[in-house]
1. Using amide H atoms built 1.01 Å from N in the peptide plane, name the residues 5+ places from SER121, or on other chains, whose amide H lies under 5 Å from its own.
2. So how tilted is helix 242-252 from the main axis of the chain? Cα-based, degrees 0 to 90, rounded to 10.
3. Any chance you could check the Cα centroid distance between region 99-166 and region 248-327 for me, in angstrom?
4. Within 10 Å, count the other beta carbons around each residue, average over each peptide in 368-379, 293-304, and list them highest first.
5. Which pairs break 28 Å Cα to Cα here: LYS92/LYS197; LYS410/LYS434; LYS163/LYS197?
6. Too long at a 32 Å Cα-Cα cut-off: which of LYS204/LYS368; LYS189/LYS321; LYS208/LYS452?
7. First compute the accessible area of region 365-467 with a 1.4 Å probe, then give the percent of it belonging to carbon and sulfur atoms.
8. When the distances between all Cα atoms of the chain are binned every 10 Å from zero, what whole-number percent does each bin get?
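The values are calculated or read from the model by the stated rules, or taken from the named source; none is laboratory data. Note that this is a predicted model, so its numbers are computed, not measured. Using ideal geometry, Cβ is built from the backbone for each residue, glycine included, and neighbour counts are taken over all protein chains shown. With ligands, DNA and RNA removed, areas are computed over all heavy atoms of the protein, side chains included. Shrake-Rupley method; radii C 1.70, N 1.55, O 1.52, S 1.80 Å.
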Amino acid sequence: SFYYGTFPAGFLWGVGSSAYQTEGAWDKDGKGPSIWDAFTHRRGKVLRNETGDSACDGYHRVKDDIQLLKELKVNHYLLSISWPRIMPTGIKAEQLNEKGIQFYNDTINSLLENNITPIVSLYHWDLPQVLQERYGGWQNISMINYFNDYANLCFEKFGDRVKHWITFSNPWAVAEKGYETGEHAPGLKLGGCGAYKAAHHIIKTHAKVWHSYNNTWRREQRGMVGISLTSGWGEPVDPHSQTDRDAAERYIQFHLGWFANPIYRGDYPEVMKNYVGRKSAQQGLGTSRLPTFSVQEKTYIKGTSDFLGIGHFTTRYVLQKNFPFLQVSSYHTDHDLAELVDPNWPAPGPKWLYSVPWGFRRLLNFIKTQYGNPLIYVTENGMSETVQCPQLCDEWRIQYLKGYINEILKALNDGVNVRGYTAWSLLDKFEWDKGFSERFGLYHIDFKNKNKPRYPKASVDYYKKIISANGFPNPREVENWHRKAMDTCSATHQHLAADSLITHMEMVTEIVLPTVFTLCILISIVLLIFYLRNHS
C-alpha cells in the first residue's frame, strides 16, 4: 500500500548523467579516444550504428543544462569525468589536457554557484582506448596504478570543491558486458574468466583509490569516497521452497555481493566461491576461474567505502535451474538459476525494465542486514521508453518514480540509512549498445535538430513537486501534482510539434533547395549544349 509521509530534513534530491552518454565532442579540445569511441565506430556494435560522437552536445551546453537543474530545484547533480578528456592516453606521465581539466573546473564551479552539490564519478565506462590497446584494459593489473594516478589528479584539481566521489559506476556492467558477452566496449567475449578477472582488478583499484584519498587528501579536503553498484532484486518464485530461496540469494550475491562483499566483509561471497570453484573443477581446471584475494588484500579492501551508491531499476523472480556440465564456461551458467517476470508487471519501455517498486525496499533492507547498515545514496533509478515519436506526457515514468521513491520512504522507516536519491537521468541520451532508441531522460531531446533542444516531460513537473514537498504529504496534494503535470506536458507537446515542423522546413531548405538549384543549373547547361550544337 502507498505510504504518505515526508523524508527527513536534509535528504538530498538530485539527477544524474554520465560523460560519454551526454558530452559529445569526442575528439575536441585535446580529448583522447575512449573504448566507447572505438567500439561505436565499428559497424554492427550499436543499434542503427549510432554513436555518442555528439550525444547531447553537453560539452557545449553546460550552462543550459545547469538551468534545467535549477528548474528542477535539485540539491545535487551526479556527473562523471571522462578519463581521456583530461588524460588523453590514460597515462599521467605522458600527457595532461588542460582544456579538459578547465571544462570540469568550469562545470563544478557553475554547479556550486547555483547551490547544486556535485557528486562525481571517476569512471562511467569510458576507459582511454590507449590503455585497452597496450595492456588489454581491465584484464591487466597495471590498470590499478594508472587509475590511481588519474584519481589523484582529480582529487588534486577538483577535490577542494567536490566532497562526494564515486570510484566506479556499475562495475558489474563493465566486467560482464565488456569482457564476458562483448555487448559493451571493449566488446571482448572472454567467457567464464574475463568478467571475473576484470572485476578483481576493479575491486583492487577501488580500494587503492580509497586508501590514496584517506592517506593524502581526506584531512585537508574532508570528502567521502564510495562506489556505485547497480543490482536488481531477486525474489524466490516459491518463498516456501528452500532451493528457490537459495537461488534468489545467489542472484543477489552474483550481482551486488560480487563487489559489495569484498568491500564490506573482506572477500567474495561464499556462494560465489563455492559455485564457481565447483564448476571450474568439473572442467578439469586446477584453480577456480574466480580469482582469490590474499590475506593482506582482504584486510586492505575491507572497509574501503565511506558510502554505498546504489543503482536499481527492476526485479526478477528467481528459481533453481541446473545447467548441465559444459566445456564452455560462462558467468551466466555458474550460478544455476533462471529468471522470470510476472506478465502483469508494467513494462511500458524496454522488455528488461519492469516496474516492481516493492523489490527496491527489499534490496535496501538486504543491504542493511548484510553490510552493517551503511550510509546509502541512491545513484541511479529511472524508467526508459522505446517509442520513437516524442513522449512528453510520460505518465508511466511518473508512476514509476512515485512507486520507487515511496519504497525508499518505507525503507527509511525500516531503519535503512538512505540519505539521498538520484533520478536517472536528466536528459535523453546515448544508451550504449541501444543507441538513442531507449530514453531515460526527464527532458526530451530532439536529436534530429542540430541544436539538440531540451523539452521537459510531465515527470519534470511531478519530480519537482516531490522535491519541494520532501516526500508525499497527503493523497489530495499528490493527486493534484499528477493532474498539473499532465496539463503542463500537453502545452509543451504543442510547442515541440511546432519546433519539429520548423526543423523539418529548415532541413528542406538546407538540403532540398540546393539540390534542386544544382539540378536546374545542370539541366540548363545540357540544354545550352544542345542549342549550341543545333546552331553550329
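1. For SER121, the qualifying residues are LEU79, SER80, ILE81, ILE166.
2. Result, in degrees: 50.
3. 27
4. Highest mean packing first, the order is 368-379, 293-304.
5. Details: LYS92/LYS197 24 Å; LYS410/LYS434 34 Å; LYS163/LYS197 31 Å.
From the list (LYS92/LYS197; LYS410/LYS434; LYS163/LYS197), the Cα-Cα distance tops 28 Å for LYS410/LYS434; LYS163/LYS197.
6. LYS208/LYS452
7. Reported share for carbon and sulfur atoms: 48 percent.
8. 4, 17, 28, 26, 15, 5, 2, 2, 1, 0
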